């Protein structure tokens, strides 16, 4: 079995695969000052709850964009499971072609998204990750990373709006019934949720115009279920796509 873990700025997302089947998955809050012992106990209990024997895991793949958490989590997983975790970095996955100006600037989570997105469809593919930041990773016909677009995440935009204004409250992130509001809460929800949906639609349209070719759009991330259903250009929603990409990295290493 393969254990996959992705550490983001807001969440630690983990899962266990038996071959290509995701048999367990979890989403934890990212707290930078948790110790390795705390993380080890947490993961041990999660595995027990899903009736997974840690000794049966033969590969662990770790992606992290939060350096204070990375080492503690690596040590925790190494003590819990009988294998050394493999850390995904631009240099540790040399077979992925990355067309950015500096290869080392590519986030490991975006690398996993690109690998899974490229395996999903031929031609041009864009993976929209609705996380702490909203990222759009675009992959070319040769499965190479062409580039990335980054915008503030939906949750961050909500906090910024309420904290930066005197009378606007922080609201629940859900789509209102109309693309406009008749009260303050719905007005904010409309601007955020429908506004982000329009931004994604516009970005996909611009990519298709740039390539003069269709682009397959895939949504992932914790907030994908809120915005993606409103975007007609998105053909597939997979909240665990990043974990799938990490699994593919593990399979390629094993092969």
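The values are calculated or read from the model by the stated rules, or taken from the named source; none is laboratory data. Predicted model, so just to flag it, every value in this text is computed and none were measured. Here Cβ is always computed from backbone atoms with ideal geometry, including for glycine, and neighbour counts include all displayed protein chains.
Considering the stretch 121-186, the qualifying strands (runs of 3 or more DSSP E), each wholly inside and each with 1 or more residues that are under 20 Å from residue 240 (Cα atoms) and free of Cβ contacts under 8 Å to residues at least 40 places away in the same chain, run over 133-139, 145-152. Among the candidates 121, 133, 112, 151, the residue that is farther than 20 Å from residue 7 by Cβ and within 16 Å of the chain's Cα centre (by Cα) is uniquely 151. Among what's in the stretch 151-170 and is in contact with a strand residue (DSSP E or B) (Cβ under 8 Å, 6 or more places away or on another chain) and surrounded by 15 or more Cβ atoms within 10 Å (Cβ to Cβ), pick the residue that is nearest to residue 183 (Cα to Cα). Per the stated criteria, the residue is 154. Of the residues making up the stretch 4-26, those that are within 14 Å of residue 64 (Cα to Cα) and assigned to a strand (DSSP E or B) are 4, 5, 6, 7, 11, 12, 13, 14.
Residues checked against (1) part of a helix (DSSP H, G or I); (2) modelled with pLDDT of 95 or more:
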{"residue": "208", "(1), (2)": "yes, yes"}
{"residue": "216", "(1), (2)": "no, yes"}
{"residue": "222", "(1), (2)": "no, no"}
{"residue": "228", "(1), (2)": "yes, no"}
{"residue": "232", "(1), (2)": "no, no"}
{"residue": "235", "(1), (2)": "no, no"}
{"residue": "242", "(1), (2)": "yes, yes"}
{"residue": "245", "(1), (2)": "yes, yes"}
{"residue": "250", "(1), (2)": "yes, yes"}
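Looking for something at pLDDT 95 or above, on the phi > 0 side of the Ramachandran plot and out of contact with any helix residue (DSSP H, G or I) (no Cβ under 6 Å at 6 or more places or on another chain) - is there at least one such residue anywhere in the stretch 109-126? Among the residues of the stretch 109-126, at least one is at pLDDT 95 or above, on the phi > 0 side of the Ramachandran plot and out of contact with any helix residue (DSSP H, G or I) (no Cβ under 6 Å at 6 or more places or on another chain), which makes the answer yes.
Collect the residues in the stretch 171-197 that are exposed (fewer than 13 other Cβ atoms within 10 Å of the Cβ) and closer than 21 Å to residue 132 by Cβ, keeping them in residue-number order.
Matches in the stretch 171-197: 172, 174.
Taken over the stretch 75-91, the criterion of being outside any helix (DSSP H, G or I) and either at pLDDT 95 or above or surrounded by fewer than 20 Cβ atoms within 10 Å (Cβ to Cβ) (or both) is satisfied by 82, 83, 84, 85, 86, 87, 88, 89, 90, 91. When 115, 136 are checked against the criterion of being buried (at least 17 other Cβ atoms within 10 Å of the Cβ) and under 18 Å from residue 194 (Cα atoms), 136 stands alone in meeting it. From the list 144, 105, which residue is surrounded by fewer than 23 Cβ atoms within 10 Å (Cβ to Cβ), at pLDDT below 95, over 26 Å from residue 185 (Cα atoms) and not assigned by TED's automatic domain parsing to the domain that holds residue 34? Sole residue among the options that is surrounded by fewer than 23 Cβ atoms within 10 Å (Cβ to Cβ), at pLDDT below 95, over 26 Å from residue 185 (Cα atoms) and not assigned by TED's automatic domain parsing to the domain that holds residue 34: 105.
Scanning the stretch 202-219 for residues that are touching a helix residue (DSSP H, G or I) at 6+ places or on another chain (Cβ under 9 Å) and under 21 Å from residue 134 (Cα atoms), which turns out surrounded by the fewest Cβ atoms within 10 Å (Cβ to Cβ)? In this case the residue turns out to be 216.
Name the single residue, out of those in the stretch 29-66 being in a strand (DSSP E or B) and surrounded by 17 or more Cβ atoms within 10 Å (Cβ to Cβ), that is farthest from the chain's Cα centre (by Cα). Among those residues, the one meeting the criterion is 59.
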